[in-house]
Structure formats: C-alpha cells, structure tokens
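Novice: Structure incoming, see below.
Read-outs: derived from the displayed coordinates by stated rules, not from any lab. Everything numeric here is computed off the predicted structure, so don't read it as measured data. Methodologically, a virtual Cβ is constructed for each residue, glycine included, from the backbone with ideal geometry; neighbour enumeration extends over all protein chains shown.
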Amino acid sequence: MTIQSNSKNTNNISRRGLLLGAGGAVAAGLLNTIPPCGAAEPSEQPPNDAEKTMPLQVFCGTGDHLWGHHLEPVDSPATIGAMLEWMAATYQVSRLYWRGGQSMMWDEHFRMGSEKLTAHDWTAWKHHLYQDVKINEATVAAAHKQGMECFMYTGLFESGVQPDIGVVGPHPFEDEIRIAHPEWCPVDRWGQRRCPGPISFCYPEARKLLIKRYMDNIERFGYDGINFYTYVENCGILYEDEFGFNQPIVDEFNKKYPDVDLRSATLTAEHKEHWYACRGKFVTDFLRELQAELSKRGKKLSIIVDAENPDNVQPWWSQSIPGSGNIKMDWRTWVREGIVQELWVQLGPSEAQHSTIELLQDECNEHGVELTVRAIDPFASGWKPYIKKDLTPIACITWKRNGIERVSLESIDGDSLDSTDWKQRLQALLDVEAGTLKAAPKKIASLAKDPQVLVRRRVMYALAALKAESQVSTLEEGLLDVESSVRIAAASALAVVHGPHSAVRILSALEKDGYFQMKLACFEGLTALGEEALAPVLKGARSTHYAVRQVSIQTLYKLGKGGFMAEAAPALFDAAVNHTEDELLRSYALEGMVGFREEITPAFRIQLVDKMIELASEDPSTLVQLRAAWGLGYFYSGTDATKRKVIVDCLATGFRNYGDGCQRSDAAYGWRIFGNSLLMHHGQGRTQLESMRTQGNDKWLAWVAYEVVYLPHRQMKMALLDEQEMIEQHNKFAPEFPGYRTW
C-alpha cells in the first residue's frame, strides 16, 4: 500500500467558539452567493505558543445541515456527539451556537405552507429529528459533556411569512402568533400590508408571549443562553420605508414631533432617524424584559450586529436593505445597562468588521460585555490585535471555508488509517478525498465497518473520489447502515461509482429510509445512472412504497431531459392525472410535465394543456389545482390564440373564486398563483385582472386583483420600487381594503 500526505503538522489550539445551524439559507442557494469576506486568507503557519490559548467559538446552522447532505451531519446523537468531540479535542471550542433551537420552535409553533413542494419533506424530516431522534437534547448534552456552553441561535424578527405576499423565501411559513394576531405585525402607512418576518415589539402582550416561549425552550433543553440575528429571510419588502407605522410607534414618534403626521408627511432625514429609533425603542424594551427573566436563571443574552452598520438591523445575505425596514439597534444602551452579555459582529468585508470591532470593543470591555466576531478564518493575523483585547472569533461550519476544516491537526500519513484515534482515521479519509493522501480502495473500504459514524460516512465519499469501481458493493452495503448520514453518503457516492444493480438497490433502500435527505441523495444517484436507472425507475413510479414512487417521479423528469423523453413523459402524465395517487406526487409529476413542454410533440402539448385546464378547474385536490394553474402560466408560447384564450378564461374563473365569501382552504394565498399565471399571459391576463380590480360588487376580488398587478411578490431577489411612485399608485389604484385572511 502506497500512502503519502501533503498535510502539514499543526499544533493544538486552545478554546474556541463554533456556530452550528438548523435553520435556512442553503435551500435558497444563498451560501454560494456570498463573496468571501472577513479575515482575508486562511492561516498557513501552525499557531505559535501565544495562539495556543486563543479563544474560539462555533456556529452550526442546522437547517442548512438538514438540507444540504454534503454538510456536516447533525441527524443523530452519534453524529452530533462526534462532531463536538473533535471540535473540543482539536480546537478547544468553548461555546456552540446551535440553530436547532430555532427550528424546534418552528416545528412546534409555525404553520408550514404547501406552495413549495420540498417544504413537505423537509418539514417531516425536521419533525422526525426533533421529536423522535431528539437532536436538540443530544446537542446540549454533548456540548456540556465537552465543557462547552450551548446557546440557542434564533431570529429576533424571524416570525415567518404571511401567505398573501406569495412565496418569498426558502419556504412559506408563519408563526402562530402572527396568524392569530395579524394586528401585531408591522404595517404600512395605510395599515394594510403587513411586513413579512417580524412581530412588532411595540405591543406588550406580544413581547410577553415571545419571552415565555424563549424561556420555556431555554429551560426545557438546558441552553446556557440565547443569541439573536436580526435579518429576516424573505424579500417581500417593496421599498425601504414601507413598514413600521403601527400606532404605538406613531405615538412615540409624536412625542418629539407632535405636528408631523408620520404616515403622510414628507419626512426629513432627521425625522426618519427618529422614527427608526422609535422602532428600536420597543426592541430595547423587549430585550430588557427578556434579560430580566434570563438573569433570574443565570442565562446569557447575545445579539448579532451588522458589520457594516451596527446601528441598524441586518439585511439578509446579499440583499440591499433589511427586509424588516430600518430599526435602530441601540447597542450602547444594551451594553451600558447590562441588557446583553455578548455582542457578535457579523460576517462582512474585513475593513467593516475591523471598524465595527474598534467602535464596540472599548465600551464592551468597560462594561464586561463579551465581544465576538464571525470569521472565515479565526486564525488570520488580522484578528490578533483584537484578540489581545478579549475578542473571541466564531467559526461557522455551515461554510466549507471556516478555518477549522481539519478534524485532526496531527501529522497524517499511511498509518493514520489504522490509528486508534478516530479523528486521525477521519482526517486521513478527508485527505484521500482531497487528493493529498494516496491509499488503495481496498484499504479505504476496510473502514466501512468502523465503529465511528463519521469515519464510515467519509469512507463513502472517499471511495467516490477514488472512483473505486471495485468497491461498488461497499457503497451499496452502506445504503443499509444503521446511521442515516452513512446511508445518505452511500447514495450520493453511487452517483459517481455504480454497478449494474445500483439503481435497484437505491430504490430498495428508500423502502427503509424515506426521509428528505435520503430522498435527495437517492435522486442524485439515480439521475447520474442515466439509462441504467430507466427501467427500475419506471417500475418504481408504480411502487407501493411512497418514497420510491416520489423519487422515481422526480428522477423521470431528469431522465426525460437527458434523452429519454419518450419513456418519461407518458409515465409522468399518467401520475399527474391519476386521482388515486397522492396529491404531492401528482404535483411533482405536473411540474415535470410543464418542464417538458418544449420537447413533447404539439399533439401531446395540447393534450397536456387540456388536462391542466381540467385539473385547475375541478380537481378535488387544492394542491393539484394550484400546480396546474401555475403550469398554465407557461403556455403563452407554444399555443395558438384560441387556446390561449381558453387558458386565460380558466385562470380568470379560478381567480374569481377568491372573492367575497371564499371558503377555500387556500383563500389567503391561492389567488397569487392564479393571478401570477394570468400576468404571464400578458395583455389578455392583465385585462382580466384590471376588470376585476375596477368592479365594485366584490371587495375581496378587487383587492386581490390589485395586489397581483400592483404589489408583486418576490422570490429570492429584492427588487426595490420607488416609494413616491408606490404611494401615488396606491392612492390612484387601490380599492377598499377588505381586511386580512389567515391560512
């Protein structure tokens, strides 16, 4: 066996901090859009003696980890315990920020919407892990076992998205408090549109409910503190000063400016700054009241401040403004009154982070408040002057580049694969995967039965990296491992290395594990198999096992796009129109058929359009109706004028069902889908919507038509409109506001 390593011998490092998350942005692909920032370059030299005592903390965004199966797994007590063991042993991490607490509350207190089909599986996956596997309890226990503090990481303003603005985030979801009390949401100047995301802290009753919930969770799981970020994960805001006109805020504003009508006056820069401070005043009230409860139990409060503008709330990653609108973050008061025990400077350009640290550090030190910074490389030399003044870096394992990528800092060579220290065995596998260590596939495969779950998981990826065709059986056996993270890795690896029976064995594995990440990995593996998967997948689409049918339907779309349209399209069509099939799987099949619209024959296209018109009009499943209505929007091209008119008439009829007295289960949001499809039919569709907006007999119909045409919903990009134009537009076109509908 020939083994060599290019890894460097790196000395041990003292206590550090870590961020681990269960919460959000990988689903939207946002982590790949953020430019590298923070500390400039990874450390190339081993830490010196002075650095051995450098503090470090860590963040884990578990939602991201529960979505992207290539990230560090947090799906069992074994994976979590092992991860925290290597972080403590290798880097002496002293605190874990765990986003799982947030997702636990989402699981118990949020309604999840059905507009995005993947939200169903992800919700079920998270529910299983939090309620059955109990990963929160496992995380806090494992952190404490390793001598770490464990903070619950959550959003100060992240209370979900009401469905009336459309699908504007990774998934549509809303807190039960917002649903029960829409009047507690930040509102626009007319008291009509609600800000997606926050619950306004200007209402004492709302503050009380939220504080009770946070305290119940902290005590229930034994967290040592709570950390808040201040952005909201949606792009629903239309212009910067759209929201924040609730009456208590107006009253607070008028204490200083009694003669200025906040809702209608043209505000000066001074007026606006005071308005933002009024909004922030109620945030401080909330934090002060929360701290009073935390201090009784010896718990800590930590707040994240924006690197570029610490006096304001954070914008979501890569967005131009905060989705909540501007709210002053009065960190000076928080520090001086002892309301917070920690301020965390968020990721951002290096110069901005350094400037904000210099602004905060002396005041924090004077009042005994910890100062931390999220760093791409916590060991970069640029942090050293601040660390000497008690700054603590935070590594984020949700990012591939995080400064603590290596599991072991010991010298790795051929013998490391046989080390009694599992961390060295794992690091050796990582080095094999990276190409810096050579090893025979047979030797790698011998670790497939290793007692350590993270070692077994990495065996799968290492064999894939080696393209070890001789070890396909090892990968196929991995599909049945006792740990889900190993099964997922095996399915993913089979996308690279597979044999004649791999497709059948992947589908068979889904009969035993049908959860979200396993489905994603199996879909990945089957898609890569191409023609070898076609016959098993066609059969799988008729399986008695739900997960097998779902993944087969999703795979058929990819196979159809890959050259097997003649086989895939009829199978998807049959699934879509089958009223005995599950509505979610029918919806996946419909999405696939819409994706095939350019490749299928003209006759098949007309057959599909006619069937979608039927489904949108009268299918007993609301979800299928909405998928069909969504799909009809894409048939403006490829159909003649006569057929387009039939489509528009169908969509307009469906839209009218959301008027006064609507009793549909999707009354709060389904009109968005019908309305957006009407807009995709250009002049004809818009004319229909305008006729509904201007009629005077149905208030709800007029209002939702106005929303579709003049208040567009956002997907994953914030496209701001001109405030004055929006005000003038409202005054000219807005019909009478009919009130709110909740889901």
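Novice: Can you give me the long-range amide H partners of residue 199? Hydrogens built in the peptide plane at 1.01 Å from N, cutoff under 5 Å, separation of 5 or more residues or another chain.
Specialist: When sequence neighbours closer than 5 places are left aside, the close amide H contacts are 159.
Novice: How long are the semi-axes of the equivalent ellipsoid of segment 545-596, defined as square roots of 5 times the Cα gyration tensor eigenvalues? Whole Å, largest first. Walk me through the numbers on the way to the answer.
Specialist: Working: eigenvalues 57, 25, 14 Å².
Over the Cα atoms of segment 545-596, the semi-axes work out to 17, 11, 8 Å.
Novice: Another question about this same structure. Scan around residue 392 for amide H atoms under 5 Å from its own, H built in the peptide plane at 1.01 Å from N, and keep only partners 5 or more places away or cross-chain.
Specialist: Sorted by chain and number, the residues that satisfy this are 371, 372, 373.
Novice: Is there a quick way to get the dipole size of segment 601-712? I mean about its Cα centre, with the Cβ of Lys and Arg at +1 and of Asp and Glu at -1; what is the value in debye to the nearest 20? Before the final figure, lay out each step's value.
Specialist: Working: 12 positive and 11 negative charges, 47 e Å.
Magnitude of the dipole: close to 220 debye.
Novice: Which value, in debye to the nearest 20, describes the size of the charge dipole of segment 308-399 about its Cα centre when Lys and Arg Cβ atoms bear +1, Asp and Glu Cβ atoms bear -1, and nothing else is charged? Mind showing how you got there, number by number?
Specialist: Values: 7 positive and 13 negative charges, 33 e Å.
In debye, rounded to 20, segment 308-399 gives about 160.
Novice: Can you put 453, 133, 496, 486 in order of Cβ neighbours within 10 angstrom, beginning with the fewest? Show your work: numbers first, answer last.
Specialist: Working: 453 24, 133 15, 496 19, 486 27.
Final ranking by Cβ density, sparse to dense: 133, 496, 453, 486.
Novice: Further, regarding this structure: Can you compute the radius of gyration and Dmax for the chain, using only the Cα atoms, both in Å?
Specialist: For the chain, the Cα-based Rg and Dmax read 27.3, 84 Å.
Novice: Looking only at segment 191-211, which residues have a backbone nitrogen under 14 Å from a spot 7 Å from the Cα of residue 337 in the C-beta direction?
Specialist: Under 14 Å, as judged by backbone N against the label point of residue 337, lie 202 of segment 191-211.
Novice: With the contact rule set at Cα under 8 Å and sequence spacing of 6 or more, what percent relative contact order holds for the chain? Please report the intermediate quantities before stating the final value.
Specialist: On the way: 1434 pairs, mean separation 100.7, N = 743.
Relative contact order here is 14 percent.
Novice: If I model a spin label at residue 618 and residue 721 as a point 7 Å from the Cα along the Cα→Cβ vector, what separation in nanometres do I get?
Specialist: Rounded to a tenth, the inter-label distance reads 3.7 nm.
Novice: Starting at the first residue of segment 133-141, write each ³J(HN,Hα) from the Karplus equation 6.51 cos²θ - 1.76 cosθ + 1.60 with θ = phi - 60°, in whole Hz, x for Gly and Pro.
Specialist: 7, 6, 6, 5, 4, 5, 5, 4, 5
Novice: To one decimal place, what Kirkwood hydrodynamic radius in Å is obtained for segment 601-712 from all pairs of distinct Cα atoms? Write down the numbers at each step before the final one.
Specialist: On the way: mean 1/r = 0.0719 Å⁻¹.
Across segment 601-712, the inverse of the average 1/r is 13.9 Å.
Novice: Okay, next question. Extension gain residue 610-residue 697, at 0.36 nm per residue separation less the Cα-Cα distance, in nm? Walk me through the numbers on the way to the answer.
Specialist: Working: separation 87, 0.36 × 87 = 31.32 nm, distance 3.15 nm.
Full extension from residue 610 to residue 697 adds 28.2 nm.
Novice: I'd like to know which of 206, 232, 667 lies farthest towards the positive end of the charge dipole of the chain, counting +1 on Cβ of Lys and Arg and -1 on Cβ of Asp and Glu.
Specialist: Farthest towards the positive end: 667.
Novice: Please list the non-local residues whose amide H lies under 5 Å from the amide H of residue 312, H modeled 1.01 Å from N, same-chain partners needing a gap of 5 or more.
Specialist: It is 306, 329, by chain and number.
Novice: Continuing with the same structure: Can you list the lysines whose alpha carbon is less than 17 Å from that of residue 384, not counting same-chain residues fewer than 8 positions off?
Specialist: 52
Novice: Moving to a separate point now. Trypsin sites (Lys or Arg not before Pro) within segment 288-386: which are DSSP loop residues with at most 13 other Cβ atoms inside 10 Å?
Specialist: Working: sites: 288, 296, 297, 299, 300, 328, 332, 336, 374; in loops: 297, 299.
Qualifying residues, ordered by number: 297.
Novice: Which of the aspartates and glutamates could be linked to residue 732 by a straight reach, that is with a Cα gap under 15 Å, when you skip same-chain ones fewer than 8 residues away?
Specialist: Filter leaves 690, 707, 723.
Novice: Once each part is reduced to its C-alpha centroid, what is the distance from segment 231-304 to segment 568-618 in angstrom?
Specialist: Here the two parts' Cα centres lie 49 Å apart.
Novice: Between residue 266 and residue 144, what is the label-to-label distance in nm when each label sits 7 Å out along the Cα-to-Cβ direction?
Specialist: Here the modelled spin labels are 6.1 nm apart.
Novice: Highest mean first, what order results for 118-128, 593-603, 316-326 on Cβ atoms within 10 Å? Working shown, then result.
Specialist: On the way: 118-128: 18.3, 593-603: 15.6, 316-326: 20.8.
Going by the mean number of other Cβ atoms within 10 Å, highest first, we get 316-326, 118-128, 593-603.
Novice: Straight-line reach only, C-alpha to C-alpha below 17 angstrom: list the lysines that residue 145 could link to, leaving out same-chain residues fewer than 8 apart.
Specialist: Filter leaves 134.
Novice: If the chain between residue 355 and residue 251 were fully stretched, how many nm would it gain, using 0.36 nm times the residue separation less the Cα-Cα distance? Don't jump to the answer; show the numbers that get you there.
Specialist: Values: separation 104, 0.36 × 104 = 37.44 nm, distance 3.52 nm.
That pair, residue 355 and residue 251, stretches by 33.9 nm at full extension.
Novice: Now for a different question. In nanometres, what is the gap between the two model label sites at residue 362 and residue 259, each 7 Å from Cα along Cα-to-Cβ?
Specialist: Roughly 4.0 nm, to one decimal.
Novice: For segment 205-325, I need the span (max minus min coordinate) of the C-alpha atoms along each principal axis, in Å, sorted largest to smallest.
Specialist: 49, 34, 22
Novice: Order the peptides 723-734, 433-444, 525-536 from the highest to the lowest mean number of other Cβ atoms within 10 Å of their residues.
Specialist: On the way: 723-734: 13.0, 433-444: 16.3, 525-536: 20.3.
Packing proxy ranking, top to bottom: 525-536, 433-444, 723-734.
Novice: Distance between the C-alpha centers of segment 64-107 and segment 701-720? Whole Å please.
Specialist: Using only Cα atoms, the two centres lie 38 Å from each other.
Novice: Contour minus end-to-end for residue 436 and residue 535, with contour as 0.36 nm per residue of separation and end-to-end as the Cα-Cα distance?
Specialist: On the way: separation 99, 0.36 × 99 = 35.64 nm, distance 3.91 nm.
Answer, rounded to one decimal: 31.7 nm.
Novice: Tell me, what ³J(HN,Hα) does each residue in segment 257-263 have, in order and in whole Hz, if you take phi through Karplus 6.51 cos²θ - 1.76 cosθ + 1.60 with θ = phi - 60° and put x for Gly and Pro?
Specialist: Using θ = phi - 60°, the values come out as 10, x, 9, 10, 7, 4, 7 Hz.
Novice: If you don't mind, there's one more thing I want to ask. Using helices alone, I'd like the mean residue ellipticity at 222 nm for the chain: each DSSP H run of four-plus residues gives -39500 (n - 2.57), total over residue count, nearest 500. Mind dumping the intermediate values first?
Specialist: Values: 30 runs with 350 residues, N = 743.
Rounded to the nearest 500, it is -14500 deg cm²/dmol.
Novice: If you plug each phi of segment 153-163 into the Karplus form 6.51 cos²θ - 1.76 cosθ + 1.60 with θ = phi - 60°, what whole-Hz ³J(HN,Hα) values come out, in order, with x for Gly and Pro?
Specialist: Each residue's phi maps through the Karplus curve to give 9, 7, x, 5, 10, 8, 10, x, 10, 5, x Hz.
Novice: Can you find, among 312, 298, 262, the residue farthest towards the positive end of the dipole of segment 256-330? Put +1 on the C-beta of Lys and Arg, -1 on that of Asp and Glu.
Specialist: Farthest towards the positive end: 298.
Novice: With respect to the cross-link table entries 256/717; 512/561; 116/561, which display a Cα-Cα separation exceeding 27 Å?
Specialist: Details: 256/717 37 Å; 512/561 29 Å; 116/561 22 Å.
Pairs exceeding 27 Å: 256/717; 512/561.
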